[in-house]
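Trainee: Sharing a structure, written as structure tokens. Questions coming.
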Amino acid sequence: MAVYRELFHTAEMVEKQSVRIYPDACDYGVPVKSNEDTVIKWVKSIIDQYKGVVKTEKYSTGSTQTITIKGIDEWVTKKHITFTFTYVFVKENFRKGLNGAIGYINVERS
């Protein structure tokens with residue numbers, strides 16, 4: 001049984017669905033239409049399951065949640081790996097260019 005299966009599945013889901021968010025910027029991730037989107041539900045579920053650390057920064061145009069979760073690549077390298085999911089929420093008045101999304105989420109592995 002793979003202990004970190006859901007963690008890796010969630011990261012792969014975000015990686016495969018990621019697109020360039022704004023045509024004139026480097027922002028990259030999965031557009032989020034609501035907090036009930038599948039990708040958001042998966043990320044929420046792995047936070048508790050894998051003791052993720054959540055840090056929230058608020059600013060005038062929205063907020064950013066950085067979720068850090070540590071795991072082990074049990075299949076290939078057998079090494080520890082850290083996943084950093086970043087969810088950017090944009091307030092309604094600042095959503096120009098998001099095509100109906102409320103924000104976006106991306107992931108990095110280290």
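Quick note: the coordinates plus some simple rules give every number you see, no bench work behind them. Note that the structure is a prediction, hence the values are computed from the model and not measured. Here the Cβ is made from the backbone with ideal geometry for all residues, glycine too, and neighbour counts use every protein chain on show.
Trainee: Using only the alpha carbons, work out the radius of gyration and Dmax of segment 5-109 in angstrom.
Mentor: Rg then Dmax for segment 5-109, in Å: 14.1, 46.
Trainee: How tilted is helix 5-17 with respect to the longest principal axis of the chain? Cα atoms for both, answer in degrees (0 to 90, nearest 10).
Mentor: Helix 5-17 sits at roughly 40 degrees to that axis.
Trainee: What list do you get for His80, His9 if you sort them by fewest beta carbons within 10 Å?
Mentor: So the ranking, lowest neighbour count to highest, is His80, His9.
Trainee: Cross-chain or 8 or more residues apart, Cα under 16 Å: how many lysine pairs in the chain fit that? Count them up, please.
Mentor: 12
Trainee: Local charge sum around Thr66 (other residues, Cβ-Cβ under 11 Å, Lys/Arg +1, Asp/Glu -1)?
Mentor: -1
Trainee: Once amide H atoms are built 1.01 Å from N in the peptide plane, which residues 5 or more positions from Lys91, or in another chain, come under 5 Å H to H?
Mentor: Here Gly62, Ser63 satisfy the definition.
Trainee: Where does each of Ser18, Ser63, Ser34 land when they are ranked from fewest to most other beta-carbon atoms within 10 angstrom?
Mentor: Arranged by neighbour count, lowest to highest, Ser18, Ser63, Ser34 become Ser34, Ser63, Ser18.
Trainee: Can I ask one more? Where in segment 46-106 are there GluC sites (Glu not before Pro) that are in a DSSP coil and have at most 15 other Cβ atoms within 10 angstrom of their Cβ?
Mentor: Here the sparse-neighbourhood loop sites are Glu74.
Trainee: Going through segment 1-55, which GluC sites (Glu not before Pro) have at most 12 other Cβ atoms within 10 Å and a DSSP loop state?
Mentor: In loop regions of segment 1-55 (DSSP not H, G, I, E or B), the sparsely surrounded GluC sites (Glu not before Pro) are Glu36.
Trainee: Within 10 Å, at most 10 other Cβ atoms, and a DSSP state outside H, G, I, E, B define an exposed site. Report the longest part of the chain free of exposed trypsin sites (Lys or Arg not before Pro).
Mentor: The segment 1-50 is the longest one with no such site.
Trainee: A follow-up question, please. What is the order of Ser45, Ser110, fewest Cβ neighbours within 10 Å to most?
Mentor: Ser110, Ser45
Trainee: If you place +1 on the Cβ of every Lys and Arg, -1 on the Cβ of every Asp and Glu, and leave all else neutral, what size is the dipole of segment 5-109 about its Cα centre, to the nearest 20 Debye?
Mentor: Dipole about the Cα centre, nearest 20: 140 debye.
Trainee: Can you give the extra length, in nm with one decimal, that the chain gains between Phe94 and Arg5 once fully stretched, where that is 0.36 nm per residue apart less the Cα-Cα distance?
Mentor: 28.4 nm
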